[in-house]
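Structure record follows, encoded as structure tokens.
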Amino acid sequence: MMHRPMDEPVRPHPVEETWRDAPDATRVDPVVLGALLDRHGWQRRGGAAGRYARWTEPGGTSGTSLLVPHSRSFPDSDDLLGEALLALSRSAAPSAREVLLGLTVPSDELRWSRDVPAGPAGAAAWTESERLRSAARQMLLAAALAVRDRAGYYGARHRGAAAASLENVLVGPEPGGRQLTAFVPVQSRPLVVRLHHALYAAREAIDYQRATGGMDAFDSAVQAGVSRELTEALAALVRGTEGAHVAIAWAPAAGVPERCAARPEPVEFSPGDLPVLRQAGARYLRTEPSIPVRLTGTVVRMRRTGPGGPGTARLRVLAGADVPQVRMTLDEEAYRIAGHAHLVGLPVRVHGRLESRGGFRRLTGACEVVPVQVDDAERDRMMKALQENLDFFEEACGGDGL
């Protein structure tokens, strides 16, 4: 069974938000505003020493100028902040939007960059922009998976919860299509911290393999968050470029997390890393073991070639493993029990091994199939689902007395 590609949206892409109103000046820390302006390339041009600083846009082409107080200790601080925020909200510069977003939603920032050939007016091709977005989403999803568990290969495991954890991430494409920035709210900081450690671990493991030929460093890198999903995301980011890098900047309002550099250096990858990334992904896929489980789920599909004998069933998992569905082969008696349980609106419990091949979507050695009692509300819901799919189950189960 094929596993779902990491770039296939499980949920909608993170929201792209447009700016409308300036933040409330009384809630803005001038120190945080200054840090964000500096981060996004605004130029400090002096000002009254110890009182305020003057900032101008990157490049200084529009003439936008801001007076930002050093603190709130002066009577006119709120007025200066209000004027600066209003000017930012009226600026057409992408950096102004990013500063305002960082003030309104305190966020750690992730910035992906790809070195690709320039098109007209310095823009990148549409397909390059799509590749960048896809690779960035893959990387965020790989980090979200590593927050929930450490594994060399996840397949279908934890995918729904990991995708849901990205719903509050904001993204903003840069002019030219070669860069993409994600703003991760500080409440989701564990995701950024995990990616921070995983990127450095992946870079070190690649360097070790290229220097020695050994792949052992990838085994220990799993504890830092490196996985097949991350190596595939890195390969997607680098493929077709002359190089790529990922940069992280912490939210000024939240400080620096433990065991992380205050100003992390961008982590760089090159096309020469692709063979190692492919080897590592294959290694993770090959070595991730199957898992003994006891699943509880509802039968959603049944099929066999004749009126008797073994058959296959698909189970919607309710408990026992963090995967949405599994397929399994049942002997004649287990198949009969599963069919009866479904027809009377009951889930079943089954023992087996969740097989890594196919993305942990197959249960092998299925045995000890027994119906499980549920409350009336859940049973009514299941019976309604049965009635909606009655034709299919009559076809699948017909002729064997189910």
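This table checks each residue for (1) closer than 30 Å to Glu128 by Cα; (2) in a helix (DSSP H, G or I); (3) of a type in the set (S, T, N, Q).
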site: His197; (1), (2), (3): yes, yes, no
site: Ala201; (1), (2), (3): yes, yes, no
site: Val222; (1), (2), (3): yes, yes, no
site: Ala235; (1), (2), (3): yes, yes, no
site: Ala251; (1), (2), (3): yes, no, no
site: Glu258; (1), (2), (3): no, no, no
site: Arg263; (1), (2), (3): yes, no, no
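Confirm whether Val350 is buried (at least 21 other Cβ atoms within 10 Å of the Cβ) and modelled with pLDDT of 95 or more. Taking the combined requirement at face value, the residue satisfies it. State yes or no: is Leu101 part of a helix (DSSP H, G or I), at pLDDT 80 or above and open to solvent by less than 10 Å² (accessible area, probe 1.4 Å)? It is true that Leu101 is part of a helix (DSSP H, G or I), at pLDDT 80 or above and open to solvent by less than 10 Å² (accessible area, probe 1.4 Å). From the list Val246, Val193, the one residue that fits, being assigned to a helix (DSSP H, G or I) and of a type in the set (Val, Ile, Thr), is Val193. Under 7 Å between Cβ atoms, at least 6 apart or on separate chains: pull out the pairs that start in region 129-151 with a residue that is of a type in the set (Ser, Thr, Tyr) and end on any residue that is open to solvent by 10 Å² or more (accessible area, probe 1.4 Å) and in a helix (DSSP H, G or I). Listed by first residue and then by second, the contacts come to Ser134/Ala236.
Among the residues of region 282-292, at least one is of a type outside the set (A, V, I, L, M, F, W, C), open to solvent by less than 70 Å² (accessible area, probe 1.4 Å) and within 30 Å of Pro347 (Cα to Cα).
Looking only at residues of region 137-157 that are farther than 14 Å from Gly359 by Cβ and more than 8 Å from the chain's Cα centre (by Cα), we find that the one that is most open to solvent (accessible area, probe 1.4 Å) is Arg148.
When Ala35, Ala48, Ala53 are screened for being modelled with pLDDT under 80 and either open to solvent by less than 70 Å² (accessible area, probe 1.4 Å) or under 25 Å from Ala262 (Cβ atoms) (or both), only Ala48 passes. Of everything in region 258-271 that is at pLDDT below 95 and not charged (D, E, K, R), the residue that is nearest to Leu191 (Cα to Cα) is Cys260.
The values are calculated or read from the model by the stated rules, or taken from the named source; none is laboratory data. Since the structure is predicted, the reported quantities are computational estimates derived from the model, not experimental observations. Because the Cβ atoms are built from the backbone with ideal geometry, glycine has one as well, and the counts that use them run over all protein chains shown. With ligands, DNA and RNA removed, areas are computed over all heavy atoms of the protein, side chains included. Shrake-Rupley method; radii C 1.70, N 1.55, O 1.52, S 1.80 Å.
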